[in-house]
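Enquirer: First the structure, which I've put down as structure tokens, then a few questions once you've had a look.
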């Protein structure tokens, strides 16, 4: 739960205009994550949600891959159609260097980069990690993504 909570708090603090207020992390059972979530006209890479609180964050992850046709627009439309179920939604475009989405149009989204944002988020989280082995793995991962 540490990584999920600290990641969402990082996004919220860095992108307050594009990120909704976070529900409390008082009950881990309320939080769900999934990957390759099929919406009929695409697959969203990562979904973080708290259905009881109406919160959802969709992450489109691009590492050395090109963006699909109108990909963020389709995901934004899906979020709009599910606004009643998820009134608190965010769409994130995660790339190695924080690139903009060219075909996003007017779809609201925020950008994250592995090289800076993921690195910084992990750096902020390191003091809270108690397991020495996990701490070492995070340092190794930071070394990898700093070279993107």
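Taken together, the values in this text are just the output of simple stated rules run on the coordinates, not laboratory data. What you are looking at is a predicted structure, and each value in this text was computed from that prediction instead of being measured. Don't worry about glycine lacking a Cβ; one is built from the backbone with ideal geometry, like all the others, and counts go over all protein chains shown.
Enquirer: List 47, 56 from most exposed to least, where exposure is judged by having the fewest other Cβ atoms within 10 Å.
Expert: Ranking 47, 56 by Cβ neighbours within 10 Å, fewest first, gives 47, 56.
Enquirer: Let me ask another. What is the calculated FRET efficiency for residue 77 to residue 124, with r their C-beta to C-beta distance and R₀ = 35 Å, to the nearest 0.05?
Expert: 0.60
Enquirer: Kindly state, to the nearest 0.05, the FRET efficiency for residue 147 paired with residue 39, given R0 = 35 Å and r defined as their beta-carbon distance.
Expert: 0.60
Enquirer: Starting from the Cα of residue 67, move 7 Å in the Cα-to-Cβ direction to define the label point; list residues of the stretch 102-119 whose amide nitrogen is under 11 Å from there.
Expert: Flagged as within label range: 102-111.
Enquirer: May I ask you to compute the full-extension gain from residue 106 to residue 26, defined as 0.36 nm times their residue separation minus their alpha-carbon distance, rounded to one decimal in nm?
Expert: Result: 25.3 nm gained on full extension.
Enquirer: If you don't mind, another one. Once you have a ≥ b ≥ c as the square roots of the Cα gyration tensor eigenvalues for the chain, tell me rounded if a/c is under 1.5, and otherwise prolate or oblate according to whether a/b is larger than b/c.
Expert: Since a/c reaches 1.5 but b/c is at least a/b, the shape of the chain is classed as oblate.
Enquirer: Roughly how far apart, in whole Å, are the Cα centres of the stretch 108-141 and the stretch 1-58?
Expert: 17 Å
Enquirer: Still on this structure, please answer the following. For residue 18 and residue 46 in one chain, what is 0.36 nm times their gap in residues minus the Cα-Cα distance, to one decimal in nm?
Expert: Net length gain for the segment: 8.3 nm.
Enquirer: For the chain, what does the relative contact order come out to in percent, with C-alpha contacts under 8 Å and a separation of six or more?
Expert: Result for the chain is 18 percent.
Enquirer: Related question: Please give the length that would be gained between residue 134 and residue 85 if that part of the chain were fully extended, namely 0.36 nm times their separation in residues minus their C-alpha to C-alpha distance (nm, one decimal).
Expert: 14.1 nm
Enquirer: So what is the relative contact order of the stretch 47-129, in percent, for Cα pairs below 8 Å that sit 6 or more residues apart?
Expert: Relative contact order comes out at 28 percent.
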